[in-house]
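The structure is given below, and queries will be raised subsequently.
The values are calculated or read from the model by the stated rules, or taken from the named source; none is laboratory data. Treat the numbers as computed from the prediction; the structure is a model and nothing was measured. Note that each Cβ is placed from the backbone with ideal geometry, even for glycine, and that neighbours are counted across all protein chains shown. Surface areas here come from the heavy atoms of the whole protein model, side chains and all, with no ligands, DNA or RNA. Shrake-Rupley method; radii C 1.70, N 1.55, O 1.52, S 1.80 Å.
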Amino acid sequence: MPLAVIPLFGPISISESLVAMVAICTVYLLVQLSRERIPAGLKLLPGPQSIPIIGNVMELGLNPHLSLTTMSKRFGNVFKIHIGTRPVVVLSGGETVRQALIKQGDDFAGRPDLFSFQYINNGKSLAFSTDQAGVWRHRRKLAQNALRSFSTLEGQTPEYSCALEEHISKEGLYLVERLRKVTKAEGCFDPFRHIVVSVANVICGMCFGRRYSHDHEELVSLVNLSDEFGQVAGNGNPADFIPFLRFLPSKTMETFVDINRRFNKFVQRIVREHYETYDKNNIRDITDSLIDHCEDRKLDENSNVQVSDEKIVGIVNDLFGAGFDTVSTALSWSVMYLVAYPEIQEKLHQELMEKVGNDRKPCLTDKNNLPLLESFITEMFRHSSFMPFTIPHCTTKDTSLNGYFIPKNTCVFINQWQINHDPDQWKEPSMFNPDRFLSEDGVEINKTEAEKVMVFGLGKRRCIGEYIGRSEVFLFLAILIQRLKFSSLPGEMPDMTPNYGLTMKHSRCMLTVAPRPGFEEFSSESLD
Ligand code: HEM
């Protein structure tokens, strides 16, 4: 007797019905088993529906920091998207991010195994690789110690409080001359083109004990071509998550691979020269100090650290790379804001005249004495949020956040842009208003407000170059504002639209400068 009659297939027997039921049950059980098992008391992560194979890539669009901010309004501070077939957890909201990166720091301290990261520093990057926790911790400590010793080292001349101040101050004064000369000769200049070489020279001085001329072709082309680097290394690059895209021709990817190859070659050549001239009794720079660490370790029979020399000396590659792109992007944005808000530029110049004057160079200790400049810098960091996400994180074990279960090895995006533009935290977040960081009497920085801004990450993976980065932005800017007035070309408005990437840059543009009273003469000092 047929159990049911389906016109298309004809009558179904009892045995066929049983087979069908077993098949349905098996599929159901398999689906249940393949679903995440959620420990009791925890919730499944919310998030948008995703399309098979591509996931939510289309919704990310060209500005993932904005689309993920919009999604956070719907799904909350912890939600899940899919990029390709890979789940990615997105964290927003200052409190939630603090909970994850500080209170549960170890759980969120990993890096995901992303396709493009294998090209950065030949897959041996301190910042981007999936090093085991012990190896990463050891390398991070070495890098921190090296940065600390070579920035606090005494300067060559007593007028500077430390080597870092000396490097920045000399490069800052040279940059002023350079911008004036180019303006005189050509009528205008591309700010990023010149700033990036000056900033690269500061980190080159510390890492390699040398600086380069602004006309040094190899360095100039290397540091000026980092746009494609940021586009590929930025959070949400589809080729990192959708394997077949790796096999499709991509100009951006080709340039990314080429930049990394040239960058590695440039650093490796300098490292080789350092090995050839290394003298234990004369440690000249960070590269020497890392070589020295490897040599000492070989003599230490009790040493149990399993990190190759290549991975130790390769730390300079990270320091150099991270040290020029971020700081030059910050300075270039600062100059754009000065031009876009001329009345603020005048106030900052006035403050410098009152507190420093014309007779001496600004120095690092002026920082506490220049609240307007400090608030301008803090607002530049917040408003531009030019690192919209941190470098992607990864969970190191099964964990939970705000009651949601997050499995081990989940890729995690931290949306710094959302934190810096959260309307629950900031009054009129889209307005550029440095005064929001001043105390009521205007004489000091409101530290509580300033600490809400997130641009250097937090917790275990927090940027190790923060002190150097902040010092550079402050001192370069103080020197530039003291001596120059920046303007856009007549009839042109500065284009402040950011281009998405690991570090978001403004479009290249042309500006002009005029010397401030007292600085009309060209300096006889020349570093080139
Ligand atoms: C304005 C300047 C800078 C900004 C905004 C900045 C921002 C950041 C951010 C957001 C991260 C990722 C944090 C995370 O993944 O959670 C980071 C990591 C890092 N930064 Fe910076 N940075 C700056 C300057 C520097 C400088 C000058 C250096 C070195 C001289 C440096 C070296 C590093 C390194 C090595 C890491 C990787 C740390 C790790 O993975 O453990 N940064 N930075």
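Of Val313, Val356, which residue is modelled with pLDDT under 95 and either more than 16 Å from the ligand (Cβ to nearest atom) or out of contact with any Lys or Arg (no Cβ under 7 Å at 6 or more places or on another chain) (or both)?
Details: Val356 fails: modelled with pLDDT under 95.
Going through Val313, Val356 in turn, just one is modelled with pLDDT under 95 and either more than 16 Å from the ligand (Cβ to nearest atom) or out of contact with any Lys or Arg (no Cβ under 7 Å at 6 or more places or on another chain) (or both): Val313.
If you scan region 483-521, which residues turn out to be among the hydroxyl-bearing types (Ser, Thr, Tyr), within 13 Å of the ligand (Cβ to nearest atom) and in contact with a strand residue (DSSP E or B) (Cβ under 6 Å, 6 or more places away or on another chain)? Write out each step before concluding.
Our first condition is that a residue be among the hydroxyl-bearing types (Ser, Thr, Tyr); within region 483-521, this holds for 487-488, 497, 500, 503, 507, 512.
Among the residues that remain, those that are also within 13 Å of the ligand (Cβ to nearest atom) are: 503.
Residues satisfying the conditions do not exist here.
Can you name the residue in region 398-420 that is away from the ligand (no atom under 16 Å from the Cβ) and part of a loop (DSSP other than H, G, I, E, B) and, of all such residues, is nearest to Asn235 (Cα to Cα)?
Ranking the qualifying residues of region 398-420, first place goes to Asn409.
I would also like to ask the following. Mind checking which residues of region 111-159 are small (Gly, Ala, Ser), open to solvent by 10 Å² or more (accessible area, probe 1.4 Å) and away from the ligand (no atom under 14 Å from the Cβ)?
Gly123, Gly155
Being open to solvent by 40 Å² or more (accessible area, probe 1.4 Å) and in contact with a Gly (Cβ under 9 Å, 6 or more places away or on another chain): is that true of Gln231 here?
On the way: open to solvent by 40 Å² or more (accessible area, probe 1.4 Å): yes; in contact with a Gly (Cβ under 9 Å, 6 or more places away or on another chain): yes.
Criteria met by Gln231.
Looking only at helices (runs of 4 or more DSSP H) that fall completely inside region 307-392, which ones have 2 or more residues that are under 19 Å from the mean Cα position of the chain (by Cα)? Even if it seems obvious, please write down each step before you answer.
Numbers: elements: 309-313, 315-340, 342-355, 371-384.
In region 307-392, the matching helices (runs of 4 or more DSSP H) lie at 315-340, 371-384.
Across region 128-173, what is the number of residues that are part of a loop (DSSP other than H, G, I, E, B) and within 24 Å of Ile479 (Cα to Cα)? First the steps, then the outcome.
From region 128-173, those part of a loop (DSSP other than H, G, I, E, B) are 128-132, 153-162; that's our starting set.
Filter again for within 24 Å of Ile479 (Cα to Cα), leaving 153-162.
The qualifying residues number 10.
Checking the condition farther than 21 Å from Pro238 by Cα, open to solvent by 40 Å² or more (accessible area, probe 1.4 Å), assigned to a helix (DSSP H, G or I) and modelled with pLDDT under 95, which residue from Val27, Val5 passes? Explain how you work it out, then say what you get.
On the way: Val5 fails: assigned to a helix (DSSP H, G or I).
Just one listed residue meets the conditions, Val27.
In region 137-165, which residues are of a type in the set (D, E, K, R) and within 21 Å of Ala322 (Cβ to Cβ)? Steps first, answer last, please.
Step one: of region 137-165, the residues of a type in the set (D, E, K, R) are 137, 139-141, 148, 154, 159, 165.
If the condition is that a residue be of a type in the set (D, E, K, R) and within 21 Å of Ala322 (Cβ to Cβ), then Arg137, Arg139, Arg140, Lys141, Arg148, Glu165 are the ones that fit.
Which of the residues spanning region 305-354 are among the small types (Gly, Ala, Ser) and touching a residue at least 12 places away in the same chain (Cβ under 8 Å)?
Kept after step one, since they are among the small types (Gly, Ala, Ser), are these residues of region 305-354: 308, 314, 321-323, 328, 330, 332, 334, 340.
Gly314, Gly321, Ala322, Gly323, Ser328, Ala330, Ser332, Ser334, Ala340 - these are the residues of region 305-354 that are among the small types (Gly, Ala, Ser) and touching a residue at least 12 places away in the same chain (Cβ under 8 Å).
Taking Val473 and the conditions (1) touching a Leu at 6+ places or on another chain (Cβ under 7 Å); (2) over 17 Å from Ser375 (Cα atoms); (3) aliphatic (A, V, I, L, M), which numbered condition does it fall short on, given that it satisfies the others?
(2)
Here is a yes/no grid of residues against (1) in contact (Cβ under 8 Å) with a residue 12 or more places away in the chain; (2) more than 11 Å from the ligand (Cβ to nearest atom); (3) outside any loop (DSSP other than H, G, I, E, B):
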site: Arg436; (1), (2), (3): yes, yes, yes
site: Phe456; (1), (2), (3): yes, no, no
site: Tyr467; (1), (2), (3): yes, no, yes
site: Ser471; (1), (2), (3): yes, no, yes
site: Phe474; (1), (2), (3): yes, no, yes
site: Ile481; (1), (2), (3): yes, yes, yes
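Here is a further query. Would you mind telling me which numbered condition in (1) more than 16 Å from the ligand (Cβ to nearest atom); (2) modelled with pLDDT under 85 Glu276 fails?
(2) is the only condition that Glu276 fails.
Mind listing whichever residues of region 92-110 are within 11 Å of the ligand (Cβ to nearest atom) and buried (at least 22 other Cβ atoms within 10 Å of the Cβ)?
Val97, Ala100, Leu101, Phe108, Gly110
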